[in-house]
Amino acid sequence: MKDIETLPENYIKSLYENIGRHVKRERERKGLTQLQLSQAIGHKSVSIVSLAEIYHKGQHFNIEHLAKIAYVLDVNVCDLINIQEEEI
């Protein structure tokens, strides 16, 4: 078991940034705008997707967002959160 004290300071931030990039990549592959994806997952505003894709002001996708995004984009949720060590 690893000691949490050894967790790099930017580890969580890097995870959220990479998840945002993966969502953007899949969204663009499907030809959807940020607004279209936002509305498809039940939001009226583009804010959740636009801010979380770039981790602006700490805004990030939660597990419910990711589950809905994966469903709408017809991808496995693991594809959105599968982060390689070199990406962190």
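The values are calculated or read from the model by the stated rules, or taken from the named source; none is laboratory data. Since the structure is predicted, the reported quantities are computational estimates derived from the model, not experimental observations. Cβ atoms come from the backbone with ideal geometry, glycine included; neighbour counts cover every protein chain shown.
Remarks
- Those residues of the stretch 33-68 which are farther than 14 Å from Leu80 by Cβ and either hydrophobic (A, V, I, L, M, F, W, C) or in contact (Cβ under 8 Å) with a residue 60 or more places away in the chain (or both), in sequence order: Leu35, Ala40, Val46, Ile48, Leu51, Ile54
- Sole residue being out of contact with any Phe, Trp or Tyr (no Cβ under 7 Å at 6 or more places or on another chain), surrounded by fewer than 18 Cβ atoms within 10 Å (Cβ to Cβ) and of a type in the set (A, V, I, L, M), chosen from Val46, Val72: Val46
- Close pairs (6 angstrom Cβ cut-off, 6 or more residues apart or separate chains): within 21 Å of Leu51 (Cβ to Cβ) and at pLDDT 90 or above in the stretch 1-20, surrounded by 10 or more Cβ atoms within 10 Å (Cβ to Cβ) and hydroxyl-bearing (Ser, Thr, Tyr) anywhere: Tyr16/Tyr55; Glu17/Tyr55; Gly20/Tyr55
- Checking the stated criteria, Tyr55 turns out to be closer than 18 Å to Tyr11 by Cα and out of contact with any strand residue (DSSP E or B) (no Cβ under 8 Å at 6 or more places or on another chain).
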